[in-house]
1. Can you name the residue in region 150-175 that is polar (S, T, N, Q) and crowded, with 19+ Cβ neighbours inside 10 Å and, of all such residues, is nearest to Pro79 (Cα to Cα)?
2. Can you give me the number of residues within region 116-134 that are open to solvent by less than 50 Å² (accessible area, probe 1.4 Å) and at pLDDT below 90?
3. Find the residue count for region 139-161, including only residues that are of a type in the set (Asp, Glu) and more than 14 Å from Ile172 (Cβ to Cβ).
4. Filter region 138-174 down to the residues that are assigned to a strand (DSSP E or B), under 17 Å from Arg90 (Cβ atoms) and of a type in the set (A, V, I, L, M) and list them by number.
5. What residue, among those in region 1-29 that are of a type in the set (A, V, I, L, M, F, W, C) and more than 13 Å from Leu59 (Cβ to Cβ), is least open to solvent (accessible area, probe 1.4 Å)?
6. Yes or no: Thr165 β-branched (Val, Ile, Thr), at pLDDT below 85 and farther than 11 Å from Leu128 by Cα?
7. Return the pair list, or none, for Cβ contacts closer than 7 Å from residues in region 3-26 that are in contact (Cβ under 8 Å) with a residue 60 or more places away in the chain and in a helix (DSSP H, G or I) to residues that are open to solvent by 30 Å² or more (accessible area, probe 1.4 Å) and hydrophobic (A, V, I, L, M, F, W, C), at least 6 apart or on different chains.
8. Could you check region 70-115 and list, in sequence order, the residues that are modelled with pLDDT under 65, under 15 Å from the mean Cα position of the chain (by Cα) and surrounded by 15 or more Cβ atoms within 10 Å (Cβ to Cβ)?
Amino acid sequence: MSSRVRVLRKQNRLSLEALAERVGVTKSYLSKVERGLSDPSISTALKLAHALNVDVGRLFSDEVEPELITVVRADERTPMGAGTGPDATRYEGIATGLTGKRMVPFMMHPPTDPADPPFKSHAGEEYLFVHEGTAELEFPERTVVLGPGDSVYFNSALPHRCRSTGGRPAAILVVIHDAPSGPADHVPTLP
């Protein structure tokens, strides 16, 4: 139970002190529970489960929670926001079944069409890693040329757009992280 409480507390973005206050125990007692030095009573376990928004059984289960570890094979990616035609950007979701995540990973295949797509921006941060092909990531004041193995990390509030520059669409891993000050239940959207 100890490591499970710690993981769930962190997933809920709660400090040790905040969770202890919600449960009605001391911070030092909760720390002992998280370190496996103390076992909570059933009453305290029920309060912990309620404060962490989980069924009390999850606190005592020996099984690894499927939502704590998610493996997605290359052929299991979820098509997302698929456009039509060769000029559309294709997206493939990664870890789409994982709930409560703060990052949104996906594969992006931008078109090679020379027509400029509109600039997009959103809250948070973004990381791009070029897996295959070549691409240009354009900002209003700067264009970054990317090849296989190149990556870029930026504040996604900056207007940006991406296109493939080779003869075929590039394969780019994109990870969006929501703004830390955003609501806990907000999930970032695709660019």
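The values are calculated or read from the model by the stated rules, or taken from the named source; none is laboratory data. Since we're looking at a predicted model, the values are computed, not measured. Counting neighbours? That spans all protein chains shown, and the Cβs are built from the backbone with ideal geometry, glycine included. SASA here: full protein model, heavy atoms, side chains in, ligands and nucleic acids out. Shrake-Rupley method; radii C 1.70, N 1.55, O 1.52, S 1.80 Å.
1. Ser164
2. So the answer is 3.
3. Filtering region 139-161 for residues of a type in the set (Asp, Glu) gives 141, 150.
If we keep only those that are more than 14 Å from Ile172 (Cβ to Cβ) too, we end up with 141.
Number of matching residues: 1.
4. Those that are assigned to a strand (DSSP E or B), under 17 Å from Arg90 (Cβ atoms) and of a type in the set (A, V, I, L, M): Ala171, Ile172, Leu173, Val174.
5. Among residues in region 1-29 that are of a type in the set (A, V, I, L, M, F, W, C) and more than 13 Å from Leu59 (Cβ to Cβ), the one least open to solvent (accessible area, probe 1.4 Å) is Ala20.
6. On the way: β-branched (Val, Ile, Thr): yes; at pLDDT below 85: no; farther than 11 Å from Leu128 by Cα: yes.
No, not satisfied.
7. Between residues of region 3-26 that are in contact (Cβ under 8 Å) with a residue 60 or more places away in the chain and in a helix (DSSP H, G or I) and residues that are open to solvent by 30 Å² or more (accessible area, probe 1.4 Å) and hydrophobic (A, V, I, L, M, F, W, C), the close pairs are Val7/Leu68.
8. Leu98
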